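Novice: I'd like to ask you about the structure that follows.
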Amino acid sequence: MGRARKKAGETWELLNPEGIVSVEPMSLNPHPGELEGKKILLRWNGKHNGDLFLNRIAERLLDQIEGVRIIKAWEKAPDTVVAISGSQERSFSLAETYAAFKPDIVIGAYGD
Amino acid sequence: MTVVTSEFIGLAQDTMRSQGVSDYSFVVVPHPLGMIPGGEVRKKADDAFPDIVKMAGGWEPKSGILASEKAYPAERFSFDGTVHDLNRFFFDKGWSLGLPVEPPTPEAVARILTGTLLEPGGVIGQVPPRMGTLTVELAAVHAAMAGCKPEYMPVLIAALEAMLEPQANWRGAATTTGTTAALIIVNGPIVGKIGIAAAQGSAGADHHPNASIGYAINLIADIVGGAKSPSPDKSTLAAPSDFVAWIFGENEEALPRGWEPFHVQRGFAQSDSVVTVMATYPPVENIDHWSVTPEEHLRWWSRVVSPLTSVGGPCEVCQMDGNYIIGVGPEHAQLIAGSGWSQADFKKAFWERVRAPLSAWPRGAPHMEGVVQRLGPVSPETLVPITVKAEQLFTVIAGGAGKHSHYFAPFPRCLPVSRKINASGSRFL
């Protein structure tokens, strides 16, 4: 490319290589306010100890929040224990599986 | 809401933004959670519990509108300075990998665009994890930066299209803690036509098409896709394949008689030009200089490769549903075929020999049921194969002289994706 050999200090006209991000905004539901009497779904993605962490959270919730109900998704829907959904379609499918339990809120635990 | 460890909050936030969510409820706990005693996990849960209750109950999303701009034409701007200054500016902006780039001038980009009949404003796809919009023009910008010639564009575009198919799982491979890279295998007449190296040392340096196309792909992944280390690209160590993707042509001239080239195994005609892409872990090399029979050679394979090479078994059972690519060196291929073994014989023997006992995986692995679903009743002594069937293995004759073969294992849920090339690229076939 000839321009690379030109003298120092010239003015370059260049194209920005970054490109733009154009995604449809997605809105989320507000959380339920109080947890008393609510149905809480716990989601583990299969990473080591995530189930232990959520089991402890379940114990504390049942002990301290009046009338709370817990669904451990990895027990009720073992097929949803995936660290990587692999596609948006699979992610939507997982969300539909969780929605079928009609939880008031879903708590997921990730990380290594 | 989501509980995430401190090392992964950046990736989690980036992921949400890339899906159009401007605000999300996270609770952050100190890293790590995995591979620590249960008592420590319990303490981390207890410490986080008040925040979890507060966030689960009372959080409300802040409204936020994500900006939307035009993807084409790409923004033009002026810069004063030397090529050295320009490279420094690009690196500081996050527009390079740390290696020098050619300046993407309008003239250079226009020259690259002569290599494709596609409209420059056409959208190839959204590149994860950032979900940057990749137009044909933007691909040409990166091809120019990488030093590609115009005639490389059909291969580059076909590879990018393949990588953006959902089954290629680019997002997962780009953000994992594992060491992954795009493996790109080119077959057919295009190999000779544009001079893609397909024999000695073909996946390494000194081959202009391989080097510049592989560089362009990684520039696009890093800059348009935003897969930057240390976040959202969480690779623990990473590798030089983050600079230049693995790319080589199959050594079709060294195919043993009766063996099918890779693209024919993938369902294409031998006369087709095809690009196949798969996100893989670093290859495992088989350095067998000694075997004189296929049986001995397979014994060697059974010791250098294991299903655990790519997690597999009950820890990542989806790996049993994937495809694995065995880059058979030409001399190993002649050893195998010279004894009368067909390609199918080799795949079957490989599949039967490369196994690990179920007891090799942890007892608490999350997908034991998945193993039973695929293999039937099991015991700790059951020898678990890499895949459910031998037919899930592919062979490609890779490289030149020498007694070396290479085993490419996929990142979980990353399947190989192939694209046939025409003069335009594969877009309008």
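The values are calculated or read from the model by the stated rules, or taken from the named source; none is laboratory data. Given the structure is predicted, the values throughout are model-derived calculations rather than measurements. Cβ sites come from the backbone with ideal geometry, for glycine too, and all protein chains shown count toward neighbours. These accessible areas exclude ligands, DNA and RNA; they are computed on the full protein's heavy atoms, side chains included. Shrake-Rupley method; radii C 1.70, N 1.55, O 1.52, S 1.80 Å.
Novice: So how much accessible surface do B and A hide from each other in total, probe 1.4 Å, in square angstrom to the nearest 100? The partial results should precede the final answer.
Specialist: Details: alone 20590 and 9140 Å², together 23520 Å².
Result for this pair: about 6200 Å² buried.
Novice: Rank these by accessible area, largest first, 1.4 Å probe: B:THR15, B:THR114, A:THR11. If you can, show how the numbers build up before the last one.
Specialist: Details: B:THR15 40, B:THR114 105, A:THR11 85 Å².
Solvent-accessible surface, decreasing: B:THR114, A:THR11, B:THR15.
Novice: Please compute the net charge surrounding B:ALA398, taking Lys and Arg as +1 and Asp and Glu as -1 over other residues with Cβ under 12 Å from its Cβ. Intermediate results must be reported in sequence, preceding the final value.
Specialist: Values: positive: none; negative: B:GLU250, B:GLU252, B:GLU285, B:GLU331.
Combined, the nearby Lys, Arg, Asp and Glu give -4.
Novice: Name the long-range amide H neighbours of B:GLY125: under 5 Å, sequence gap of 5 or more, or other chain; modelled H, no Pro or chain starts.
Specialist: B:LEU134
Novice: Considering only B:ALA333, B:THR309, B:PRO380, whose Cα is most displaced toward the positive end of the charge dipole of the range B:282-409, charges sitting on Cβ of Lys, Arg (+1) and Asp, Glu (-1)?
Specialist: B:PRO380
Novice: Determine the dipole magnitude for chain A: charges of +1 sit on the beta-carbon of Lys and Arg, -1 on that of Asp and Glu, nothing else is charged, the reference point is the Cα centre, and the result goes in debye to the nearest 20. Before the final figure, lay out each step's value.
Specialist: Details: 15 positive and 16 negative charges, 96 e Å.
Dipole about the Cα centre, nearest 20: 460 debye.
Novice: Given R₀ = 25 Å, what would the calculated FRET efficiency be for B:LYS348 paired with B:ALA401, taking r from the Cβ atoms and rounding to 0.05?
Specialist: Details: r = 27 Å, r/R0 = 1.10.
Efficiency for this residue pair is about 0.35.
Novice: Ok, one more. Which order do the peptides B:270-282, B:384-396 take when ranked by the mean count of other beta-carbon atoms within 10 Å per residue, highest first?
Specialist: Values: B:270-282: 22.5, B:384-396: 19.7.
Ranked from most to least packed, the peptides come out as B:270-282, B:384-396.
Novice: So what is the 222 nm mean residue ellipticity for the protein assembly as shown from helices alone, if each DSSP H run of at least 4 adds -39500 (n - 2.57) and you divide by all residues, rounding to the nearest 500 deg cm²/dmol? Walk me through the numbers on the way to the answer.
Specialist: Working: 17 runs with 170 residues, N = 541.
Helices in the protein assembly as shown give a 222 nm mean residue ellipticity of -9000 deg cm²/dmol.
Novice: Which whole-number percentage describes the relative contact order of the range B:2-58, with Cα contacts under 8 Å and a sequence gap of 6 or more?
Specialist: Numbers: 44 pairs, mean separation 21.7, N = 57.
Answer for the range B:2-58 is 38 percent.
Novice: May I ask you to find the residues of the range B:8-48 that are shielded by at least 50 Å² of accessible area once the whole protein assembly is considered instead of their isolated chain (probe 1.4 Å)?
Specialist: So the qualifying set is B:GLN19, B:LEU33, B:VAL41, B:ARG42, B:ALA45, B:ASP46.
Novice: What lysines sit close enough to B:LYS389 to cross-link, taking a C-alpha to C-alpha distance under 29 Å and skipping anything fewer than 8 places away on the same chain?
Specialist: The qualifying lysines are A:LYS47, B:LYS347, B:LYS348, B:LYS403, B:LYS420.
Novice: In percent, how large is the relative contact order of chain B, given Cα pairs closer than 8 Å and 6 or more residues apart? Please list the in-between numbers first.
Specialist: Numbers: 824 pairs, mean separation 78.3, N = 429.
Taking the mean separation of contacting Cα pairs over the length of chain B, I get 18 percent.
Novice: Using the Kyte-Doolittle scale, find the helices of chain B whose mean hydropathy is at least -1.0 and whose Cα atoms extend 18 Å or more along the helix's long axis, counting only whole DSSP H runs. The partial results should precede the final answer.
Specialist: On the way: long enough: B:38-58 (29 Å, -0.50).
Qualifying helices, which must be both long enough and hydrophobic enough, are B:38-58.
Novice: Report B:TYR24's accessible area, 1.4 Å probe, all protein chains in place, as a number in Å² to the nearest 10.
Specialist: 60 Å²
Novice: Compute, for the protein assembly as shown, the length of the dipole vector about the Cα centre, with Cβ point charges of +1 (Lys, Arg) and -1 (Asp, Glu) only. Units Debye, rounded to 20.
Specialist: Numbers: 48 positive and 57 negative charges, 56 e Å.
Rounded to the nearest 20 debye, it is 260 debye.
Novice: For A:LYS102, which lysines qualify as cross-link partners when the Cα separation must be under 16 Å and same-chain residues fewer than eight apart are set aside?
Specialist: A:LYS38, A:LYS39, A:LYS72, A:LYS76
Novice: Among rounded, prolate and oblate, which fits the protein assembly as shown when a ≥ b ≥ c are the square roots of the eigenvalues of its C-alpha gyration tensor, a/c under 1.5 means rounded, and a/b larger than b/c means prolate? Working shown, then result.
Specialist: Working: a/c = 2.24, a/b = 1.18, b/c = 1.91.
Oblate is the answer for the protein assembly as shown, as a/c is 1.5 or above yet b/c matches or exceeds a/b.
Novice: What is chain A's relative contact order, in percent, from Cα pairs under 8 angstrom and six or more apart in sequence? It would help to have the intermediate numbers written out before the result.
Specialist: Details: 105 pairs, mean separation 41.6, N = 112.
Relative CO of chain A lands at 37 percent.
Novice: Who wins for biggest fluctuation among B:THR82, B:THR382, B:THR176 in a Gaussian network model of chain B, springs between alpha carbons below 10 Å?
Specialist: It is B:THR82.
Novice: At a probe size of 1.4 Å, how large is the accessible area of B:GLU316, to the nearest 10 Å²?
Specialist: 30 Å²
Novice: Keeping all protein chains in place, calculate the accessible area per residue for chain B (probe 1.4 angstrom), answer in Å².
Specialist: Value for chain B: 41 Å² per residue.
Novice: For B:VAL292 and B:ALA110 in one chain, what is 0.36 nm times their gap in residues minus the Cα-Cα distance, to one decimal in nm? Before the final figure, lay out each step's value.
Specialist: On the way: separation 182, 0.36 × 182 = 65.52 nm, distance 5.44 nm.
Separation in residues times 0.36 nm, less the Cα-Cα distance, equals 60.1 nm.
Novice: If you don't mind, another one. If I stretch the segment between A:LYS72 and A:ALA100 completely, what's the gain in nm (0.36 nm per residue apart, minus their alpha carbon distance), one decimal? Intermediate values should be presented prior to the final figure.
Specialist: Numbers: separation 28, 0.36 × 28 = 10.08 nm, distance 1.34 nm.
That pair, A:LYS72 and A:ALA100, stretches by 8.7 nm at full extension.
Novice: Other chains near A:43-56: what is the mean number of their Cβ atoms within 10 Å of each residue's Cβ? Can you show the working numbers first?
Specialist: On the way: counts 2, 1, 1, 6, 5, 11, 13, 6, 3, 11, 10, 3, 4, 9.
Mean shielding by partner chains, rounded to a whole number: 6.
Novice: Counting only other residues whose beta carbon sits under 13 Å from that of B:ILE325, what net charge do I get with K and R as +1, D and E as -1?
Specialist: On the way: positive: B:ARG266, B:LYS347; negative: B:GLU250.
Net of charged neighbours comes to +1.
Novice: Nearest 10 degrees, 0 to 90: what angle lies between the long axis of helix A:88-99 and the longest principal axis of chain A (Cα atoms)?
Specialist: It works out to around 20 degrees.
Novice: If you line up the long axis of helix A:50-64 against the longest principal axis of chain A, both from Cα atoms, how many degrees apart are they, to the nearest 10?
Specialist: Approximately 50 degrees, to the nearest 10.
Novice: Answer with one residue from B:LEU219, B:SER202, B:PRO104: the one whose Cα lies farthest towards the positive end of the charge dipole of the protein assembly as shown, charges on Cβ with Lys, Arg +1 and Asp, Glu -1.
Specialist: It is B:SER202.
Novice: What is the distance in Å between the Cα centroid of the range A:24-83 and that of the range B:252-306?
Specialist: Spelled out, the Cα-based centre of one part sits 45 Å from the other.
Novice: From the residues A:GLY9, B:ALA143, B:LEU255, which one has its Cα farthest along the dipole of the protein assembly as shown in the positive direction, the dipole being from +1 and -1 charges on Cβ of Lys/Arg and Asp/Glu about the Cα centre?
Specialist: B:LEU255
Novice: Could you sort B:30-39, B:177-186 so that the peptide with the highest average Cβ count within 10 Å comes first and the rest follow in order?
Specialist: Working: B:30-39: 13.8, B:177-186: 23.8.
Packing order, densest peptide first, comes out as B:177-186, B:30-39.
Novice: Give me the dipole magnitude in Debye, nearest 20, for chain B about the Cα centre, with unit charges on the beta carbon: positive for Lys and Arg, negative for Asp and Glu. Spell out each step's value before the answer.
Specialist: On the way: 33 positive and 41 negative charges, 112 e Å.
Dipole of chain B, to the nearest 20 debye: 540 debye.
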